[in-house]
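Take a look at the structure below.
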Amino acid sequence: MNPSGRRIRAVAPGRVNLIGEYTDLIDGMVLPLAVGLSTTVEGVGGGDHIELRSADEAHPVVVPIDEEDPVEAATGWGRLVAAVVTEVRPEHGFTGSVTTTLPIGAGLSSSAALTVALALALGFDGDPVDLAGVARRAEQRGTGVPCGIMDPLTSAAGVDGAALLVDCSGPTIEPVPVSDDLEIRIVHTGISRRLVSSAYADRKAALDRAAEQVGPLRLLDDPGRVDALDDPALRRRARHVVTENRRVRDAAMVLRDGDHVALGEILSEGHASLRDDLEVSLPEIDELVRSLIDTPGVHGARLTGAGFGGCVVVVSEPGVLDVGRSVRPSAGAHRSGRSGSGAA
Ligand code: GLA
């Protein structure tokens, strides 16, 4: 609930994906973690519209709460805000601000952090899976990108000290503890993501076409089954998700066992698959990944997120790298109110 006149603060983290890229689109497996970088929506409930300011945006967004389709009339980041309003249908308006410590467009899910935090601030009541569903639909509607459940679910359900092994078909979540002797770093490629939405939609369409021909890809344990696909590009896309599903399960197993060398090898294999089969990497990114893998004490590295720029995730012994930023798995989104119980 978001009673009128009450001051509300909702915080939602971004995520880094250890492994499991584009597998949420086939209801497969992913292994992300919420990170300590987050987006905060803070303000006061009341009135008949949502008014939000952001230090990163030139203009405030104003969305009436009783308009049937507020997304139609909205532009820029207002589309995302309007799409959350459509999903949550708040009882009262809200006036407040958005601040973030997440770099925008770095592939760390800044948009999922915004939609999750905003849904909570507007009074969404429900469990993390439902919250993720609301945020996902809002992002699909607001951006037109047919994104999966991984980013909002990680933001909503993050666990302090653990990566999340998610079976997206449920979805079900199993926390996998990350020990302190594994360093996880994110290194920005320096490339802000170009063409990512059209390429993303194109990969999704290819996976859907492949599934029409060989059946649900998440159920194909044997990568050999994708050889039945005639189109070589479809074959490569399907092979990526089928082999990636296996890598996620293997990565969760070795992470649980504390075998960080094996974990690194799986991540580096995952990068090769993103480069050669899914084709979402770029030569400059491959070069960065190679040089990180060649650094003594580094177990493995790969591009993380949708690709074509953004960040690389690196796993290593502690203290061997000083590029990028070290991250630890953090708790998921939460809400607090200045008076009363209010925690979500
Ligand atoms: C984006 C999407 C996710 C997922 C990744 C790729 O972050 O929002 O749903 O598909 O790309 O793994």
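The one condition from (1) in contact (Cβ under 8 Å) with a residue 12 or more places away in the chain; (2) over 21 Å from ASP276 (Cα atoms) that ALA251 does not meet is (2). Cβ-Cβ contacts under 8 Å between residues 6 or more apart (or on different chains), taken from a first residue in region 61-72 that is on the phi < 0 side of the Ramachandran plot to a second residue that is in a loop (DSSP other than H, G, I, E, B) and among the acidic types (Asp, Glu), are listed as PRO64/ASP48; ILE65/ASP48; ASP66/ASP48.
Looking at this structure, is LEU278 modelled with pLDDT of 95 or more, touching a His at 6+ places or on another chain (Cβ under 8 Å) and within 18 Å of ARG218 (Cβ to Cβ)? For LEU278, the condition - modelled with pLDDT of 95 or more, touching a His at 6+ places or on another chain (Cβ under 8 Å) and within 18 Å of ARG218 (Cβ to Cβ) - is met. Looking at ARG194, ARG203, ARG209, just one residue is farther than 21 Å from ALA301 by Cα and at pLDDT below 95, and that residue is ARG194. Within the option set VAL313, VAL323, being β-branched (Val, Ile, Thr), open to solvent by 30 Å² or more (accessible area, probe 1.4 Å), in contact with a Lys or Arg (Cβ under 9 Å, 6 or more places away or on another chain) and not in a helix (DSSP H, G or I) holds for one residue only, VAL323.
Restricted to region 41-52, and to residues that are open to solvent by less than 10 Å² (accessible area, probe 1.4 Å) and touching a helix residue (DSSP H, G or I) at 6+ places or on another chain (Cβ under 8 Å), which residue is nearest to GLY270 (Cα to Cα)? So, considering only residues that are open to solvent by less than 10 Å² (accessible area, probe 1.4 Å) and touching a helix residue (DSSP H, G or I) at 6+ places or on another chain (Cβ under 8 Å), the one nearest to GLY270 (Cα to Cα) is VAL41.
Matching residues to (1) modelled with pLDDT under 95; (2) more than 21 Å from VAL314 (Cβ to Cβ); (3) of a type in the set (Gly, Ala, Ser):
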| position | (1), (2), (3) |
| --- | --- |
| VAL166 | no, yes, no |
| SER169 | no, yes, yes |
| ARG185 | no, no, no |
| SER198 | yes, yes, yes |
| GLN213 | no, yes, no |
| PRO223 | yes, yes, no |
| LEU234 | no, yes, no |
| ARG237 | no, yes, no |
| VAL241 | no, yes, no |
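Checking each residue in region 1-40 for being farther than 25 Å from VAL242 by Cα, surrounded by 24 or more Cβ atoms within 10 Å (Cβ to Cβ) and within 16 Å of the ligand (Cβ to nearest atom) picks out ALA12, PRO13, GLY14, VAL35, THR39.
In summary, VAL62 fulfils each of the numbered conditions (1) open to solvent by 20 Å² or more (accessible area, probe 1.4 Å); (2) assigned to a strand (DSSP E or B); (3) under 30 Å from GLU265 (Cα atoms); (4) modelled with pLDDT of 95 or more with the single exception of condition (3).
Scanning region 281-305 for residues that are without any contact (Cβ under 8 Å) to a residue 24 or more places away in the chain and either open to solvent by 60 Å² or more (accessible area, probe 1.4 Å) or charged (D, E, K, R) (or both) turns up PRO283, ASP286, GLU287, ARG290, ASP294. Scanning region 67-117 for residues that are out of contact with any Phe, Trp or Tyr (no Cβ under 7 Å at 6 or more places or on another chain), in a helix (DSSP H, G or I) and open to solvent by 10 Å² or more (accessible area, probe 1.4 Å) yields GLU72, ALA73, ARG79, LEU80, THR86, GLU87, SER110, SER111, LEU114. Filtering region 121-164 to residues that are over 30 Å from GLY5 (Cα atoms), open to solvent by 10 Å² or more (accessible area, probe 1.4 Å) and more than 15 Å from the ligand (Cβ to nearest atom) leaves VAL159, ASP160, GLY161. In this structure, ARG256 does not qualify as open to solvent by 20 Å² or more (accessible area, probe 1.4 Å), outside any loop (DSSP other than H, G, I, E, B) and touching an Asp or Glu at 6+ places or on another chain (Cβ under 8 Å).
Taking (1) of a type in the set (D, E, K, R); (2) more than 16 Å from the ligand (Cβ to nearest atom); (3) touching a Pro at 6+ places or on another chain (Cβ under 8 Å) in turn, GLU212 satisfies each apart from (3). Name the single residue, out of those in region 282-310 being within 16 Å of the ligand (Cβ to nearest atom) and in a loop (DSSP other than H, G, I, E, B), that is farthest from SER109 (Cα to Cα). That would be LEU282. It is to be established whether one or more residues within region 208-218 are assigned to a loop (DSSP other than H, G, I, E, B), in contact with a helix residue (DSSP H, G or I) (Cβ under 6 Å, 6 or more places away or on another chain), open to solvent by 20 Å² or more (accessible area, probe 1.4 Å) and not aromatic (Phe, Trp, Tyr). For region 208-218, residues assigned to a loop (DSSP other than H, G, I, E, B), in contact with a helix residue (DSSP H, G or I) (Cβ under 6 Å, 6 or more places away or on another chain), open to solvent by 20 Å² or more (accessible area, probe 1.4 Å) and not aromatic (Phe, Trp, Tyr): absent.
The values are calculated or read from the model by the stated rules, or taken from the named source; none is laboratory data. Just so we're clear, the structure is a prediction, and the values are computed from it rather than from any experiment. Here the Cβ is made from the backbone with ideal geometry for all residues, glycine too, and neighbour counts use every protein chain on show. Protein only, heavy atoms only, side chains kept; ligands, DNA and RNA dropped before computing areas. Shrake-Rupley method; radii C 1.70, N 1.55, O 1.52, S 1.80 Å.
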